[in-house]
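The values are calculated or read from the model by the stated rules, or taken from the named source; none is laboratory data. Predicted model only: the values in this text are computed from it and were never measured. Cβ coordinates were reconstructed from backbone atoms using ideal geometry, including for glycine residues, and neighbour counts include every protein chain displayed. In case anyone asks, the SASA skips ligands and DNA or RNA and just uses the protein heavy atoms, side chains included. Shrake-Rupley method; radii C 1.70, N 1.55, O 1.52, S 1.80 Å.
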Amino acid sequence: MTAINAKVDVETTPRSSQALLEQAIESISDAFVLYDADGRLVMCNQKHLDFFPHMAGIYRRGISRKEVIRAHAEVRRMDDPSFDFEAYFEERVKQVLQPRDDCESQLIDGRWVAIRERMVSGGGLVSIRTDITEKKRAEKELEEHRDHLQELVDIATRRLRIRAENLEQALEKEQELSEMQRQFVSMANHEIRTPLAVIDAAAQRMQRKADRDQLAPGEAAAKLDTIRSAVDRMTHLMESTLNAARMQDGKIGVVIEDCDIEGVIKRVCKARQEITKTHLILCETKDLPKTILADPSSVEQLLNNLLSNAIKFSPGDPRVEVTACADADHVVISVRDFGIGIDQEDQPRIGERFFRAKTSTGIPGTGIGLNLAMTLVTMHGGSMDIESQKGAGSRFSIRLPNAGPKDLKMHQKLLDELVNPKAGSGR
Amino acid sequence: MTLILYIDDELTLLEIVSEELEDAGYAVIKANDGNEGLAQIVEHGPDLVLCDIALPNKNGYELLRDIRKKYPLFDHMPFIFLTALADRERVIAGLREGADAYLTKPIDFEILLATIEASLRQTERVATNDRDFKLLDS
């Protein structure tokens, strides 16, 4: 190892103040180098030499800063042919006149140093270098850590936002459902009172006339008919409501057996016609199979609901047409009215529980009839189709498979939707 | 003879109640929906209107509003709701809307008749008042 003269001096004259000074400088933890007023190296400590191993042999007492810089530049150029020697040299020489106050620089070997230079009185320059490689590394690690944390926070925030949006949607849907249920209760109240009003009025009438001995037998019979119709109407309503409620609790099922489908259709039409004075129900069946696998009382219920709607929503036109025919392995039953129809945009929602189309304003109803009908059709493995034009009327067509419901799992999702409309179902 | 207009889309009820009113000595005209009701009011100027609320085409509230806003000629004509909408809020709203009485179905006929009499008495009182004032002026 080539030691500089200063070091040798320290060893041979330990008692001189210069030697003491040099010992002190040697013991500090940073690299130290001192240049005189003419820019010539006075001394430097071992730690300084350690920073520039490739400069071994260059640093010696009396060497000028310019020569040191040139040597540095040459080494760098050796390492990297594209290194701009002239630019570096020029810049560093300029810097010589200007002490670098606390700047960071990276050595050739990758280590980092902080450089602090001060002018001394008399014109010389002290330059101190501290190894900050570790500090730099720690800084980088901290930055990476912070970035990583930021990423995690961003992801968590995004997730939370999505959850909040979902919850909001769910709440909206819940509230809509709640409102619909409230309207249902109000409507149900109305729907029950109306036939009760008819029964009560007919009974009062008979009573008051009888009190005056003015009740003719024919009249009594007519009023009793009226009462029985109203009772029938209420019974259907109660059954629909109860079935809908039971279905929601999962307590109802269909009992599949050999069903005389033609008989059921004709019976329902006849019974309905008997209690309907305002409409004429046309019932046509063609080529129906003798029996299909279905639940007769469910089919009756759903047909009744469709018929009831057809009548209710066509106050201006007395025609109701029920047609039934066979189609491959299905029976297709259509109920057609020439009434107020359904808006295009309401049609997809028409089977929703409690849903009432815009065109139904002013006409009492609970919004469960169609939902129940659809549910029953689905439980038979069948399907319902709606064609409607606002102002011209509607046709509801149901397809029932002759062989009954095969695989309910396929329909399970639709069933769940019909019976238990979930929040956030995306409607 | 006092003329009553009864508006209801429930045909059976329309028939039975009209019979009862006729037996009680009133002349009755009938309508099935709000539009028809309004036309009958304008054409016949009944002494009292008995009206359901849930009607197609124009409901009871709308009809009442129309009369009170557009036909001051009928300001003294009693307007009675006869409806199956029985919840407390509806009763209050109906009365505040301007109805002279709010009766719920099923309706007891004696209550119906008594309410009609009470409303007609009120009209008579106002008419008498008007006459008396006119006499004072002359």
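Within the range A:285-317, which residues are part of a loop (DSSP other than H, G, I, E, B) and touching a helix residue (DSSP H, G or I) at 6+ places or on another chain (Cβ under 9 Å)?
A:Leu288, A:Pro289, A:Lys290, A:Thr291, A:Asp295, A:Phe313
With the condition kept exactly as written, say whether any residue in the range A:358-379 is open to solvent by 10 Å² or more (accessible area, probe 1.4 Å), more than 14 Å from chain B (Cβ to nearest Cβ), outside any helix (DSSP H, G or I) and farther than 17 Å from A:Val268 by Cα.
Scanning the range A:358-379, I find at least one residue that is open to solvent by 10 Å² or more (accessible area, probe 1.4 Å), more than 14 Å from chain B (Cβ to nearest Cβ), outside any helix (DSSP H, G or I) and farther than 17 Å from A:Val268 by Cα, so the answer is yes.
Checking B:Asn59 against (1) without any contact (Cβ under 8 Å) to a residue 40 or more places away in the chain; (2) away from chain A (no Cβ under 14 Å), which single condition isn't satisfied?
Checking B:Asn59 against (1) without any contact (Cβ under 8 Å) to a residue 40 or more places away in the chain; (2) away from chain A (no Cβ under 14 Å), the one that fails is (2).
Would you pick out the residues in the range A:274-302 that are without any contact (Cβ under 8 Å) to a residue 60 or more places away in the chain, within 30 Å of B:Asp33 (Cβ to Cβ) and either open to solvent by less than 50 Å² (accessible area, probe 1.4 Å) or small (Gly, Ala, Ser) (or both)?
A:Thr276, A:His279, A:Ile281, A:Cys283
Determine, yes or no, whether B:Lys105 is charged (D, E, K, R), within 20 Å of B:Ile16 (Cα to Cα) and either modelled with pLDDT of 90 or more or more than 11 Å from the chain's Cα centre (by Cα) (or both).
yes
Considering the range B:13-35 alone, what residues qualify as being crowded, with 20+ Cβ neighbours inside 10 Å and of a type in the set (Gly, Ala, Ser)?
B:Ala31, B:Gly34
B:Glu117 fails exactly one of the following numbered conditions: (1) acidic (Asp, Glu); (2) within 30 Å of A:Gly391 (Cβ to Cβ); (3) open to solvent by 30 Å² or more (accessible area, probe 1.4 Å); (4) under 14 Å from the mean Cα position of the chain (by Cα). What is the number of that condition?
Answer for B:Glu117: the failing condition is (2).
For the range A:166-175, does any single residue satisfy the condition of being surrounded by fewer than 14 Cβ atoms within 10 Å (Cβ to Cβ) and hydrophobic (A, V, I, L, M, F, W, C)?
yes
For the range B:68-112, give me each residue that is closer than 23 Å to B:Asp33 by Cβ, in a helix (DSSP H, G or I) and away from every other protein chain (no Cβ under 14 Å).
Passing the criteria: B:Arg68, B:Lys69, B:Lys70, B:Leu73, B:Phe74, B:Leu95, B:Glu97.
Give all pairs with beta carbons closer than 8 Å in which a residue from the range A:185-197 that is within 12 Å of A:Thr241 (Cβ to Cβ) and at the interface with chain B (Cβ under 7 Å from one of its Cβ atoms) meets a residue that is of a type in the set (Gly, Ala, Ser) and open to solvent by 20 Å² or more (accessible area, probe 1.4 Å); count only pairs at least 6 apart in sequence or on separate chains.
A:Asn189/B:Ala86
Please specify each residue of the range B:14-35 satisfying the condition of being within 9 Å of chain A (Cβ to nearest Cβ) and touching a residue at least 24 places away in the same chain (Cβ under 8 Å).
Matches in the range B:14-35: B:Val17, B:Glu20, B:Asn32, B:Asp33, B:Gly34.
For residues in the range B:36-55 being open to solvent by 20 Å² or more (accessible area, probe 1.4 Å) and touching a helix residue (DSSP H, G or I) at 6+ places or on another chain (Cβ under 9 Å), which is nearest to the other protein chains (Cβ to nearest Cβ)?
B:Leu38
From the set of residues in the range A:198-220 that are within 10 Å of chain B (Cβ to nearest Cβ), touching a residue at least 12 places away in the same chain (Cβ under 8 Å) and among the small types (Gly, Ala, Ser), which is surrounded by the fewest Cβ atoms within 10 Å (Cβ to Cβ)?
Filtering the range A:198-220 for residues that are within 10 Å of chain B (Cβ to nearest Cβ), touching a residue at least 12 places away in the same chain (Cβ under 8 Å) and among the small types (Gly, Ala, Ser), the one surrounded by the fewest Cβ atoms within 10 Å (Cβ to Cβ) comes out as A:Ala203.
If you take the residues in the range B:56-76 that are open to solvent by less than 10 Å² (accessible area, probe 1.4 Å) and of a type in the set (A, V, I, L, M), which one is farthest from A:Lys358 (Cα to Cα)?
The residue in question is B:Ile67.
Considering only helices (runs of 4 or more DSSP H) fully contained in the range A:38-134, which possess at least 1 residues that are within 22 Å of A:Ala24 (Cα to Cα) and modelled with pLDDT of 80 or more?
Of the helices (runs of 4 or more DSSP H) lying wholly inside the range A:38-134, those with at least 1 residues that are within 22 Å of A:Ala24 (Cα to Cα) and modelled with pLDDT of 80 or more span A:46-51.
Please list, ordered by first then second residue, the pairs with beta carbon atoms under 6 Å, 6 or more apart or interchain, first in the range B:112-138 and over 22 Å from B:Leu21 (Cβ atoms), second modelled with pLDDT of 80 or more.
That search, which allows pairs on different chains as well, returns B:Val126/B:His76.
Restricting attention to the range A:176-190, report how many residues are within 23 Å of B:Ile16 (Cα to Cα) and surrounded by fewer than 20 Cβ atoms within 10 Å (Cβ to Cβ).
Total meeting the criteria: 1.
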